[in-house]
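Pasting a structure below so you can have a look.
Only the coordinates and a few stated rules stand behind these numbers; no lab work does. All values reported here derive from a predicted model rather than from experimental measurement. For neighbour counting, all protein chains shown are included, and Cβ atoms are generated from backbone atoms with ideal geometry for every residue, glycine included.
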Amino acid sequence: DGDVYNYYADGEWKKSSSGKSVAIINPTTRKTQYKVQACTQEEVNKVMEAAKSAQKSWAKTPLWKRAELLHRAAAILKEHKTPIAECLVKEIAKPAKDAVTEVVRSGDLISYTAEEGVRILGEGKFLVSDSFPGNQRTKYCLTSKIPLGVILAIPPFNYPVNLAVSKVAPALIAGNSLVLKPPTQGAVSALHMVQCFHLAGFPKGLISCVTGKGSEIGDFLTMHPGAGMIPLQMELGGKDACIVLEDADLDLVAANIIKGGFSYSGQRCTAVKVVLVMESVSNVLVEKVKAQVAKLTVGAPEDDCDITPVVSESSANFIEGLVKDAKEKGATFCEEYKRDGNLIWPLLLDNVRPDMRIAWEEPFGPVLPVIRINSIEEGIHHCNASNFGLQGCVFTKDVNKAILISDAMETGTVQINSAPARGPDHFPFQGLKDSGIGSQGVTNSINMMTKIKTTVINLP
Ligand code: G3P
């Protein structure tokens, strides 16, 4: 069936024996854009089995050779940036230029991982025993980093390529095999990315990509004994606060609120999701942000509009629910609320209070609440009262205050005088509380996908 994209297993593109497919709805047209195979649990079992045996010989492949293949995959991916970006535009309505950026960034991430991998995996430690009480120098301990085995990666819809390679590349350089379950919205972009790894010449079974319904194979994958006892790394939601002090450069703040709050229509876990501004500067700031919101272009991702349709109808309905709640409870609407299908016009909500859902919940859409505060403590309190703890940012010219606020904010990262962001991709990236487990970033991800192995030489 030429209409349905095949899944990837054992180095081949295959049809599922289920005879079923899953439709991918274009968020802009709200019509079926692509179809992918609905893989079965039996197919997952086979993929896991192949991954297990391919990993054994991959772990013995010299590190420099693993790096060489990754560099090749990175180059092929970049060569194919245009068709892959076109898929991102159709599947997740990412603005055209951002879609290309995602693919190029992914190629760079793969190359960087290959380079970092040969350095940090090429080193081990040597310890002697007589530093610990009661011991003579009779034991020499050698440590090295070994792979974990089979890694399962489940990236989210908002970066189907980049947040896939951020797991694929570290897993492979460290000598693991990889099973990928892409998000359904974004699955075809991910399959194209996998094709680049296929063309680079990785061994059969080392990488596989199974598509299908989360309800059928999701839990089955995450609970599969084939990937048992592998540590979890999770990147989850956020309610990233932007704290604005009286001495802040308000033009800089406004520009960062626009970029941080509205790029990819707010569908980033690192998006600015609540502005906490000191009352004395709030009128001026809100006016500046309002003026820039008015300049945002709204429409189709093909036209590279700033604001594009959100990923699904249910997502749009959820966002609308938050907006209605804020309306009922008396928030100030800086723009009129407007929606057409999955397209929601950018909206700034001023005078938001803690009893409104939008003060705490993550819209994952182009709607941004402003809460006016009377003290720094009030801002920190609101930030820390959230269950989330991904990133936050603070705007001030006083570096001492900025550091103190950063220390007080219970988030994985605090940005001083810029909007939250994951990149550059070698920086550590982690969430506290409900925002995640473990730490990403190229180096941390490679380390996360290894275990320490020690050999002790006992002298007579
Ligand atoms: O929401 C995904 C998260 O990883 C954000 O990445 O680069 O948009 O900050 P970025």
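How far apart, in nm, are the 7 Å Cα→Cβ label points at S17 and E49?
Each label point lies 7 Å from its Cα, and together they span 1.0 nm.
Which order do T332, T28, T413 fall in if you start with the one that has the fewest other Cβ atoms within 10 Å? Show your work: numbers first, answer last.
Working: T332 12, T28 19, T413 22.
With the sparsest Cβ surroundings first, the list reads T332, T28, T413.
Continuing with the same structure: DSSP loop trypsin sites (Lys or Arg not before Pro) in segment 165-253 with at most 16 other Cβ atoms within 10 Å of their Cβ, which ones?
Working: sites: K167, K204, K213, K239; in loops: K204, K213, K239.
Loop-located and lightly packed - K204, K213.
Tell me the net charge near C269. Cut-off is 13 Å between Cβ atoms, C269 excluded, with +1 for each Lys or Arg and -1 for each Asp or Glu.
With Lys, Arg at +1 and Asp, Glu at -1, the neighbours total 0.
Which angle from 0 to 90°, rounded to the nearest 10, does the C-alpha axis of helix 96-120 make with the longest principal axis of the chain?
40
Cross-link partners among lysines for K433, C-alpha distance below 20 Å, same-chain residues fewer than 8 apart left out?
Straight-distance partners of K433: K239, K273.
Over the Cα atoms of segment 66-212, each weighted equally, I'd like the Debye log10 I(q)/I(0) at q = 0.14, 0.17 Å⁻¹, rounded to two decimals.
Taking Cα atoms of segment 66-212 as identical point scatterers yields -0.64, -0.87.
If you place +1 on the Cβ of every Lys and Arg and -1 on the Cβ of every Asp and Glu, how big does the dipole about the Cα centre of segment 1-143 come out, in debye to the nearest 20? It would help to have the intermediate numbers written out before the result.
Working: 23 positive and 18 negative charges, 32 e Å.
Dipole magnitude for segment 1-143 comes out near 160 debye.
For the chain, how big is Rg over Rh, using alpha carbon atoms and the Kirkwood form of Rh?
Details: Rg = 23.9 Å, Rh = 23.5 Å.
Using Cα coordinates only, the ratio equals 1.02.
Points 7 angstrom from Cα along the Cβ direction at E328 and T61: gap in nanometres?
Label at E328, label at T61, 5.7 nm between them.
Same structure again: Would you please name the trypsin sites (Lys or Arg not before Pro) within segment 33-137 that are DSSP coil residues with at most 15 other C-beta atoms within 10 Å of their C-beta? If you can, show how the numbers build up before the last one.
Details: sites: K35, K46, K52, K56, K60, K65, R66, R72, K78, K81, K90, K97, R105, R119, K125, R137; in loops: R137.
Qualifying residues, ordered by number: R137.
Of G214, V277, G260, which is farthest towards the positive pole of segment 187-308's charge dipole, taken about the Cα centre with +1 and -1 on the beta-carbons of Lys, Arg and Asp, Glu respectively?
G214
What is the gain in length, in nm to one decimal, between S215 and E115 on full extension, counting 0.36 nm per residue of separation less the C-alpha to C-alpha distance?
On the way: separation 100, 0.36 × 100 = 36.00 nm, distance 3.78 nm.
Value of the extension gain: 32.2 nm.
Taking the 0 to 90 degree range and rounding to the nearest ten, how far is the long axis of helix 63-79 tilted relative to the main principal axis of the chain, both from C-alpha atoms?
40
Further, regarding this structure: In deg cm²/dmol, rounded to 500, what helix-only [θ] at 222 nm does the chain give when every DSSP H run of at least 4 residues adds -39500 (n - 2.57) and the total is split over its residues? Spell out each step's value before the answer.
Details: 13 runs with 175 residues, N = 460.
So the calculated ellipticity at 222 nm is -12000 deg cm²/dmol.
How large is Rg/Rh for segment 181-286, to two decimals, with Cα atoms and a Kirkwood Rh? Each step should come with its number before you reach the end.
On the way: Rg = 21.2 Å, Rh = 17.9 Å.
Value, to two decimals: 1.19.
Moving on. How charged is the neighbourhood of N342? Take every other residue with its Cβ under 10 Å from the Cβ of N342, and add Lys/Arg as +1 and Asp/Glu as -1.
Working: positive: R30, R339; negative: E313, D340.
Cβ neighbours under 10 Å give a net charge of 0.
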